[in-house]
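The values are calculated or read from the model by the stated rules, or taken from the named source; none is laboratory data. On a predicted model such as this, the values are computed, not experimentally measured, just so you know. Ideal geometry is used to build each Cβ from the backbone, glycine not excepted, and the neighbour counts take in all protein chains shown.
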Amino acid sequence: MVNETIFLKLGGSLLTDKTGVEAVRGDVLGRLAHEIAAARKGNPALKMVLGHGSGSFGHVAARKYGTRKGVRTAEGWHGFAEVSAAAARLNKLVRESLLEAGVPAVTLQPSASARCKGGRIEYLALEPVTAALEVGLVPLVYGDVAFDTELGGTIISTEEIMSYLAESLRPTWFLLAGETAGVLDTNGQVIPQITRQNFDDIQGALGGSRGTDVTGGMAAKVIEMLALAEKYPTLSIRIFSGLVDGQLTAVLPNPAANIGTHIFHRE
């Protein structure tokens, strides 16, 4: 088996009902945990960094206090703490489900080391992530609050955290499992490939996110992933549905499979 590193993000809209408040989809979470376990069993050499969104947990509190835009007041800092606690509550459920399925996931809380400036990550501890990978553990990160030298405090998304880690870990694939079959066009059909060359043609089809999402919807996600693919041309991104039984088990050992939307750099 090829010893490669794959990043996998389980979307907040996949794990929770984002139209509710702290409404986890326990059946979906449990199934995904077992699918990850099955994929790792099939390829013991696979190194994986796993992340998840906050869904109906952190995003609700974050919108209430406007945490993403900055923190300056006592009320704002109270909100900062509330967002942190809400995100950690979901992470605990995710971690416990993974462990129950046999996945040795260890949470590495981003806010414990993240430093931001103007909403962008300037530093995040890499050593715990690499140490976990070296001994066969699955590092687990998630969208979290962070201290910011310009904004006081802010929120960093799972994609931003994993994009930062990509600079050092250089994964071959960044897989994003959500609740849609991929990036959809105006007719609801999956767009099979997105590159800088066809982005202008499909940009109008990209909308926001169902429910509360303070870190941007599908449009923001695609723009961020395109930039990441251009920065690291050997990296490919795939956006697909985690609601289809067995699909994650199929994609993890074969990320090049024609499932969902493939985002990549094309010269």
For this session: Take the residues in the stretch 36-89 that are of a type in the set (K, R) and closer than 19 Å to G119 by Cβ, then tell me which one is farthest from the chain's Cα centre (by Cα).
Result: R72
Seminar exercise, completed: V141 vs (1) closer than 30 Å to A38 by Cα; (2) assigned to a loop (DSSP other than H, G, I, E, B): all pass except (2)
For this session: Could you tell me which residue of the stretch 100-122 is surrounded by the most Cβ atoms within 10 Å (Cβ to Cβ), considering only residues that are out of contact with any strand residue (DSSP E or B) (no Cβ under 6 Å at 6 or more places or on another chain) and in a helix (DSSP H, G or I)?
Result: A101
For this session: Report yes if some residue within the stretch 39-47 is buried (at least 19 other Cβ atoms within 10 Å of the Cβ), in contact with a strand residue (DSSP E or B) (Cβ under 6 Å, 6 or more places away or on another chain) and outside any strand (DSSP E or B); otherwise report no.
Result: no
Seminar exercise, completed: Apart from one, (1) of a type in the set (A, V, I, L, M, F, W, C); (2) surrounded by fewer than 18 Cβ atoms within 10 Å (Cβ to Cβ); (3) closer than 15 Å to V190 by Cα all hold for F240; the odd one out is (2)
Exercise. Can you tell me how many residues in the stretch 231-267 are in contact with a helix residue (DSSP H, G or I) (Cβ under 7 Å, 6 or more places away or on another chain) and assigned to a helix (DSSP H, G or I)?
Worked result: 2
For this session: Go through the residues of the stretch 148-170 one by one and say whether even a single one is touching a strand residue (DSSP E or B) at 6+ places or on another chain (Cβ under 8 Å), under 29 Å from F80 (Cα atoms), buried (at least 17 other Cβ atoms within 10 Å of the Cβ) and of a type in the set (F, W, Y).
Result: yes
Seminar exercise, completed: When H59 is run through (1) within 18 Å of R238 (Cβ to Cβ); (2) at pLDDT below 95, the failure sits at (1)
Problem set entry | Long-range neighbours under 9 Å by Cβ, at least six apart or interchain, first residue on the phi < 0 side of the Ramachandran plot within the stretch 177-201, second of a type in the set (D, E) and modelled with pLDDT of 90 or more | R196/E230
Exercise. Quick one: would you say G51 is modelled with pLDDT of 95 or more and on the phi > 0 side of the Ramachandran plot?
Worked result: no
Exercise. Quick one: would you say E4 is surrounded by fewer than 21 Cβ atoms within 10 Å (Cβ to Cβ), touching a Leu at 6+ places or on another chain (Cβ under 8 Å) and within 21 Å of L108 (Cβ to Cβ)?
Worked result: yes
Exercise. In this structure, is E150 on the phi < 0 side of the Ramachandran plot, modelled with pLDDT under 95 and among the charged types (D, E, K, R)?
Worked result: no
